[in-house]
1. Out of segment 232-245, which residues are in contact with a Phe, Trp or Tyr (Cβ under 8 Å, 6 or more places away or on another chain) and buried (at least 16 other Cβ atoms within 10 Å of the Cβ)?
2. Enumerate the strands (runs of 3 or more DSSP E) found wholly within segment 173-278, keeping only those where 3 or more residues are assigned by TED's automatic domain parsing to the domain that holds Phe293.
3. Filter segment 200-218 for residues that are under 17 Å from the mean Cα position of the chain (by Cα) and among the charged types (D, E, K, R); which is surrounded by the fewest Cβ atoms within 10 Å (Cβ to Cβ)?
4. How many residues, within segment 113-153, are in a strand (DSSP E or B), small (Gly, Ala, Ser) and modelled with pLDDT of 95 or more?
5. Can you find even one residue in segment 257-268 that is at positive phi and either at pLDDT 90 or above or charged (D, E, K, R) (or both)?
Amino acid sequence: MSAQPQQGEINAQAAAWIERRDRDGWNDADQAELEAWLAQAPAHRAAFWRLEAAWADTNRLTAFRPALRREPWPAFSRLVFKSVAALALLAICGAATATYVLTPDWKTYSTTIGGREILTLGDGTRIELNTDSVVRVAQGTHARKVWLDKGEAYFDVTHDAARPFAVTVGNRRITDLGTKFLVRRDADRLKVAVLDGRVQLEDKSGNTKPAVLTRGDVIVATAGKITRSRTPTKELESDLGWRNGVLVFDNRTLADVAAEFNRYNTRKLIVADETAAQTRIAGTFRADNLDAFVSTAHRVLGLKVEKQGNDIAISH
């Protein structure tokens, strides 16, 4: 098969996802399915983002949407709509791809495993990217929109009531109400923690009421559950140890500790048995110094250490 039909098929799939997302009934399970498709290949993500921007910019299908909400469409009409949506979006991209690629609406920033980067926006807002993270930042003098596509970022936002600062993570949006906050996006989990000020967290589908978070509030959202808790500021600051290149653990299991180290290193820690996995760890360690942590685990906790290729296995 030639490259062109492959790209055409990907574009059609991306268009179908956008059409499906903008209809009523979109839920967390749908969002998880979309994110799984996006994660399959960079070409999927590129096509989806390109078509999503074209959809938003042209708004050519606005007239169709009220009909979707008034009454169910017969199967034939849904098929026609889907075909029209795909063709319209593909036509838009076919006619405007060159211009769009040369002048995108956002700029993408990313970090490697173990990497960190600090972005300073035109309004003074600072974004600190943690290991293996990807953000897109809207371009333009008055743009204050960010998409966290992967990983973790700390936001120190310059507040502007007339121009709210918004971070979109999948199907959820975090809007600044004057604050400093942390957002972490894992494959199946979103965490938002507020260190100062307030943010509003909302589901773009409108299925749940927006939640306002203040200093010390932490929300963890998965496909089927949202939990909210209060966390002492000192503990939240410990979670931000990565900003200084360290990981801070306070009575965490070795399983959790290994998972954190593995985010920052290409060499991986393997916890070989359940007894070792439940061993409790406390201390501060350099995120990029796996050997120092392993040495401490062996000397202080008496855990066994064994090399497995490039990785390190720890057992009781």
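1. In the first step, residues of segment 232-245 are kept if they are in contact with a Phe, Trp or Tyr (Cβ under 8 Å, 6 or more places away or on another chain); the result is 240, 242-243.
Those that are in contact with a Phe, Trp or Tyr (Cβ under 8 Å, 6 or more places away or on another chain) and buried (at least 16 other Cβ atoms within 10 Å of the Cβ): Leu240, Trp242.
2. Counting at least 3 such residues, we get 246-253, 269-271.
3. The residue in question is Lys204.
4. So the answer is 2.
5. Within segment 257-268, none of the residues are at positive phi and either at pLDDT 90 or above or charged (D, E, K, R) (or both).
The values are calculated or read from the model by the stated rules, or taken from the named source; none is laboratory data. All of these numbers come straight from a predicted model, not from anything done at the bench. With ideal geometry, Cβ positions are generated from the backbone for all residues, glycine too; neighbour counts draw on all protein chains shown.
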